[in-house]
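> Got a structure for you, written out below as structure tokens; questions coming shortly.
The values are calculated or read from the model by the stated rules, or taken from the named source; none is laboratory data. Predicted model, so just to flag it, every value in this text is computed and none were measured. A quick note on method: Cβ atoms are made from the backbone with ideal geometry, for glycine too, and the neighbour counts reach across all protein chains shown. With ligands, DNA and RNA removed, areas are computed over all heavy atoms of the protein, side chains included. Shrake-Rupley method; radii C 1.70, N 1.55, O 1.52, S 1.80 Å.
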Amino acid sequence: MPEAETAAPPAVDKSGRAVQEMFAGVAPRYDLLNHLLSGALDFVWRRASARALGLGKGARVLDLCSGTGDQAVAVGKRGPRVAAADFCLPMLVLSKPKFARLARSGPGRATPLAADAQRLPFAAGGFDGATVSFGLRNVADLGRGLAEMARVTAPGGRVAILEFALPRLRPVRALYLFYFRHVLPWIGRLLSGRGAAYSYLPASVMEFPQRDEFCDAMHEAGFENATWRDLALGTVCLYRGEKR
């Protein structure tokens, strides 16, 4: 594999203040860029995660690192009551109109809540399941974030986690890395004026544990039967597990 593909990425700043400020800065264009840069596949991936969770009407679900609420809406459309937790208030504000539309149109509900993934203000075992979509990369202490998810999930409760991944096929991996390192930051800078946030994204993906390694982290945090499934040629991974 070419050296450019294996070189260690620069360390990324995942301190709470840095992450909050970064997402607050991109919040006004966050949804537009998500849909544009994924070719609207982000909707497909979030629906797949909601199906993998497999919970329906009346279930209590935590959507962690909820951002502007798209994953919470995907889960809520299947009937659960969703607590949409994030520590970036400008992102949560953008979720409110979506949650209002959900309440009018479907059996589920979603409520935005300010919360830090590493110190969740919820009782142990208070949720039947939990989701995270493209957010765990941004948690400073991944082990602590997963352990908090496990703590607030009831025994036997399910979790579904979406995260970007490095494709395993070499040709796809090479194209993906070129797009991630050069094209994506340029588009992000052009449309949001915050190119640094879209340079952070590939760096954070490259240092995040991949597939079996992440499943090991889930097991260590208190989940069992952890599995992964590649989506979109391996550029995204869907992880599932159950609270031990």
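> Regarding the range 60-126, what whole-number volume in Å³ per residue does the convex hull of its Cα atoms give? Could you put the intermediate results ahead of the total?
On the way: hull volume 4.3 nm³, N = 67.
Residue-normalised Cα hull volume stands at 64 Å³.
> If you fit an axis through the alpha-carbon atoms of helix 16-37 and take the longest principal axis of the Cα set of the chain, what angle between them do you get, 0 to 90°, nearest 10?
With rounding to tens, the tilt is 80 degrees.
> Over what distance in Å are the Cα centres of the range 185-209 and the range 215-244 separated?
Answer, in whole Å: 24.
> Now for a different question. Kindly provide the helix-only [θ] at 222 nm of the chain, computed as the sum of -39,500 (n - 2.57) over DSSP H runs of four or more divided by all residues, to the nearest 500 deg cm²/dmol? Provide the component values of the computation, followed by the final result.
Numbers: 10 runs with 114 residues, N = 244.
Value at 222 nm, helices only, nearest 500: -14500 deg cm²/dmol.
> Right, next: Round to a whole number: what % of the accessible area of the range 158-240 belongs to carbon and sulfur, probe 1.4 Å?
With neighbouring chains kept in place, the figure for the range 158-240 is 57 percent.
> Using a Förster distance of 30 Å, how high is the FRET efficiency between PHE43 and GLU207, based on the Cβ-Cβ distance and rounded to 0.05?
Using R0 = 30 Å, I get an efficiency of 0.65.
> What accessible area per residue comes out for the chain, rounded to a whole number of Å², with a 1.4 Å probe?
Each residue of the chain exposes 45 Å² on average to a 1.4 Å probe.
> Note the count of lysine pairs whose C-alpha atoms are less than 25 angstrom apart in the chain, limited to pairs 8 or more residues apart or on different chains.
Step by step, the pairs that qualify in the chain add up to 7.
> Could you order GLU148, GLU213 by accessible surface area, starting with the largest, using a probe radius of 1.4 Å?
GLU213, GLU148
> Restricting things to Cα coordinates, could you compute the convex hull volume per residue of the range 1-155 in Å³? Numbers along the way, then the final one.
Values: hull volume 21.0 nm³, N = 155.
Taking the convex hull of the Cα positions in the range 1-155, it is 135 Å³ per residue.
> Over the chain, what is the relative contact order in percent, taking alpha-carbon pairs closer than 8 angstrom and at least six residues apart? It would help to have the intermediate numbers written out before the result.
Numbers: 460 pairs, mean separation 46.9, N = 244.
Computed value for the chain: 19 percent relative contact order.
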